[in-house]
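The values are calculated or read from the model by the stated rules, or taken from the named source; none is laboratory data. Note that this is a predicted model, so its numbers are computed, not measured. Glycine also receives a Cβ, built like all others from the backbone with ideal geometry; neighbour counts cover every protein chain displayed.
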Amino acid sequence: GARTRAGPVAASPDVDMAELPLETRCPPTPLRQYGGFWWPEPILPGVLAARAGFEPRPSDVFLASFPKSGTTWLKALAFAALHRADHPPRAPGHPLRRRNPHDCVEFLEGLFALSPSPVKGGDVFAAHPSPRVIATHIPYSLLPERVTAEGAGCKVVYVCRDPKDAFVSTWMFANKMVEAAADNNGDSPPPPAPFTIEDAFELYCHGRSMGGPQWHHVAGYWEASRRRPGKVLFLRYEDMLRDPAGNVSKLAEFMGCAFSAEEEAAGVVRDIVELCSIDALKNLEANKDGGQSYVKNESFFRKGVAGDWRNHMTLAMAVRLDKIVEDALQGSEFTF
Ligand code: A3P
């Protein structure tokens, strides 16, 4: 439930999925609870396979997030900053002008889920040149131990978002995935029943959403960033909106590729912020068309603001969720 504290679990590739708690009311896929968090059933084998078989390199940079918290933006910013020597942000042929950010930076558990044999999933990442940027929705306590081990060298950047905005974005995205699944279903199936905000909210309050409970996901990374500040950087989506350039500079410095004074003067930071802005990205053909099998690329770009929850949640819902989060985080120094 919502108040279960997540603890570290032993790596166990032979977990019996059918034995794990099941939640079928969160479309588009069933969720299974593992290690204190709820996972889309098709993804969990990828998490287990990555824990068993991923071979980190000291130069790896992980981009971690609870879903719908700014992952796409963080992927674009980190990719653009880290690869700016090969791909100057103003270049017309920049990879982010031709491909969706999710095709430029892949999800660890997603790739391992596509090829759940640890060896095959590992091979895909082994083929990537260093430094690798790899995204994940895995909570800190369940990251492969080889990634978080002292001496591993890997860096982790986390983006945190207000739980109410993350909820609204999650709920809307779930409906997009339901539509995409119906579209993929071939000849005129009956239109899928929408996932109502009331149902989605009740489940979210109990931690039952992809990656939930959101507040434990966030608190786990926040605590890790306090313990290991050189290895775990904690960013906030709302801060990034207020000061994108300052946060990109912080991100680059953390990744070991700080901007030089010359680059700053030449406007490289500003160019990266512009390249990765929601308005620039959402208008690219690559982000209007195509997509993953489970959702269209355009669904990753909605409003991109702080506080949109006010347009969808009642005040009573907001008060209730804030209280749940506050109670669950008692004893943690973290606050949203
Ligand atoms: P909203 O649904 O509130 O608009 P994720 O990338 O983790 O799936 O998160 C999606 C959220 O980030 C969506 O929020 C989306 O609009 C927003 N987003 C996507 N690209 C963005 C960008 N370049 N800058 C700011 N926000 C962005």
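One residue stands out in the range 280-322 among those that are away from the ligand (no atom under 13 Å from the Cβ) and small (Gly, Ala, Ser): the one that is modelled with the lowest pLDDT, namely Ser293.
Going by the conditions given, is Asn297 closer than 30 Å to Glu106 by Cα, surrounded by 15 or more Cβ atoms within 10 Å (Cβ to Cβ) and touching a strand residue (DSSP E or B) at 6+ places or on another chain (Cβ under 6 Å)?
On the way: closer than 30 Å to Glu106 by Cα: yes; surrounded by 15 or more Cβ atoms within 10 Å (Cβ to Cβ): yes; touching a strand residue (DSSP E or B) at 6+ places or on another chain (Cβ under 6 Å): yes.
For Asn297, the condition - closer than 30 Å to Glu106 by Cα, surrounded by 15 or more Cβ atoms within 10 Å (Cβ to Cβ) and touching a strand residue (DSSP E or B) at 6+ places or on another chain (Cβ under 6 Å) - is met.
Answer with yes or no whether Ala200 is farther than 30 Å from Phe254 by Cα, out of contact with any strand residue (DSSP E or B) (no Cβ under 7 Å at 6 or more places or on another chain) and among the small types (Gly, Ala, Ser). Yes.
The number of residues in the range 300-321 being more than 29 Å from Gly290 (Cβ to Cβ) and either in contact (Cβ under 8 Å) with a residue 12 or more places away in the chain or part of a loop (DSSP other than H, G, I, E, B) (or both) comes to 8. Restricting Val305, Val232 to residues that are surrounded by fewer than 18 Cβ atoms within 10 Å (Cβ to Cβ), within 17 Å of Phe66 (Cα to Cα) and among the β-branched types (Val, Ile, Thr) narrows the list to Val305. Look at (1) surrounded by 16 or more Cβ atoms within 10 Å (Cβ to Cβ); (2) more than 21 Å from the chain's Cα centre (by Cα); (3) without any contact (Cβ under 8 Å) to a residue 24 or more places away in the chain and you find that Lys250 fails only one, number (2). Looking only at residues in the range 70-108 that are of a type in the set (Phe, Trp, Tyr) and more than 10 Å from the ligand (Cβ to nearest atom), the one that is nearest to Val133 (Cα to Cα) is Phe79. Within the range 245-255, the set of residues being within 12 Å of the ligand (Cβ to nearest atom) and either in contact with a Phe, Trp or Tyr (Cβ under 9 Å, 6 or more places away or on another chain) or more than 29 Å from Lys303 (Cα to Cα) (or both) comprises Val248 only. Ala152 passes every criterion in (1) in a loop (DSSP other than H, G, I, E, B); (2) within 24 Å of Leu284 (Cα to Cα) apart from (2).
Check whether at least one residue in the range 231-240 is more than 21 Å from Phe37 (Cα to Cα) and more than 14 Å from the ligand (Cβ to nearest atom), and report yes or no. Yes: the range 231-240 contains one or more residues that are more than 21 Å from Phe37 (Cα to Cα) and more than 14 Å from the ligand (Cβ to nearest atom).
Scanning the range 151-168 turns up at least one residue that is surrounded by 23 or more Cβ atoms within 10 Å (Cβ to Cβ), more than 15 Å from the ligand (Cβ to nearest atom) and modelled with pLDDT of 95 or more. Does Phe54 satisfy the criteria of being within 20 Å of the chain's Cα centre (by Cα) and away from the ligand (no atom under 16 Å from the Cβ)? Against the criterion (within 20 Å of the chain's Cα centre (by Cα) and away from the ligand (no atom under 16 Å from the Cβ)), Phe54 qualifies.
Taking the listed residues Gly110, Gly121, the one that is touching a residue at least 60 places away in the same chain (Cβ under 8 Å), crowded, with 16+ Cβ neighbours inside 10 Å and in contact with a Ser or Thr (Cβ under 7 Å, 6 or more places away or on another chain) is Gly121, with no other qualifying.
Looking at the range 256-270, is at least one residue hydrophobic (A, V, I, L, M, F, W, C), at pLDDT 95 or above and either within 11 Å of the ligand (Cβ to nearest atom) or under 21 Å from the mean Cα position of the chain (by Cα) (or both)?
No; the residues of the range 256-270 include none that is hydrophobic (A, V, I, L, M, F, W, C), at pLDDT 95 or above and either within 11 Å of the ligand (Cβ to nearest atom) or under 21 Å from the mean Cα position of the chain (by Cα) (or both).
Looking at the range 57-69, which of its residues are in contact with a strand residue (DSSP E or B) (Cβ under 6 Å, 6 or more places away or on another chain) and within 16 Å of the ligand (Cβ to nearest atom)? Phe62, Leu63, Ala64, Ser65, Ser69, listed by residue number. Within the option set Arg90, Arg99, Arg132, being surrounded by fewer than 18 Cβ atoms within 10 Å (Cβ to Cβ) and under 20 Å from the mean Cα position of the chain (by Cα) holds for one residue only, Arg99.
The single condition among (1) away from the ligand (no atom under 12 Å from the Cβ); (2) outside any helix (DSSP H, G or I); (3) modelled with pLDDT of 95 or more that Glu333 does not satisfy is (3).
Going through the range 191-209 one residue at a time, which ones are of a type in the set (A, V, I, L, M) and part of a helix (DSSP H, G or I)? Break it down stepwise before answering.
Filtering the range 191-209 down to residues of a type in the set (A, V, I, L, M) leaves 193, 197, 200, 203.
Listed by number, the residues that qualify are Ile197, Ala200, Leu203.
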